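Here's the structure, in structure tokens; my notes come after.
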Amino acid sequence: MVSPEDGPDGPLAGHPGPLRPLTRDLVAEVLAAQGHAVTPDDRGDLVGRWQDALIWFLLCGAAGEMLQVRTLAAPAFAIDHVPALHAFCNSWNRDRFWPKAFVHVDDAGRARVCGEVITDLERGATTHQLARLLDRGVATGRRLAAATGHLPGSVTG
């Protein structure tokens, strides 16, 4: 994570800093300061690719006050692996706080493990808080994706 001394005009400037409203631009600035490359998808949501996952940075809620860091693990599984994937996610959720793991089956019948971390930032956040939240969302999402990669039965997506 970038240190608080990244310059007076940098996205992580000031410590602890004032609360700033949650915006896509602010999320993109903080991710860029952390060295993460993200781009908007067709809906305008920010997404980045890591070796073992795609990670979206979504603003949810009536006023876009909720930050959701959603991970889609790269390995795909046949539909008959769903019970084993549910067991994996239940175990993950029992043993860890972040991210919440769940199974998603796409329209092609492929099952994937997803994870999400959601934080309510209705009152805003300092850039340092946001940096920590994003860093933890990426790190724990990647950890989930890596663990998913060790499960038997993945098929080419």
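The values are calculated or read from the model by the stated rules, or taken from the named source; none is laboratory data. This one's a predicted model, so the numbers in the text were calculated from it and none came from an experiment. All Cβ positions, glycine included, derive from the backbone under ideal geometry; neighbour counts span all protein chains shown.
The set of residues in segment 82-101 being within 17 Å of P152 (Cα to Cα) and either touching a residue at least 60 places away in the same chain (Cβ under 8 Å) or of a type in the set (A, V, I, L, M, F, W, C) (or both) consists of V82, A84, L85, A87, F88, C89, W92.
Scanning segment 73-89 for residues that are surrounded by 15 or more Cβ atoms within 10 Å (Cβ to Cβ) and not hydrophobic (A, V, I, L, M, F, W, C) gives P75, H81, H86.
Would you check which residues across segment 14-46 are loosely packed, with under 13 Cβ neighbours inside 10 Å and either under 16 Å from W56 (Cα atoms) or at pLDDT 95 or above (or both) and list them? Step through it out loud before you land on a result.
As a first pass, look at segment 14-46 and keep what is loosely packed, with under 13 Cβ neighbours inside 10 Å: 15-16, 18, 23, 25, 35, 37, 39-44.
Scanning segment 14-46 gives T23, D25, G35, A37, T39, P40, D41, D42, R43, G44.
Of everything in segment 103-146 that's surrounded by 17 or more Cβ atoms within 10 Å (Cβ to Cβ) and small (G, A, S), which residue is nearest to A78 (Cα to Cα)? By that ranking, first place goes to A111. From the list A145, A111, the lone residue that is under 23 Å from D45 (Cβ atoms), touching an Asp or Glu at 6+ places or on another chain (Cβ under 8 Å), of a type in the set (G, A, S) and at pLDDT 95 or above is A145.
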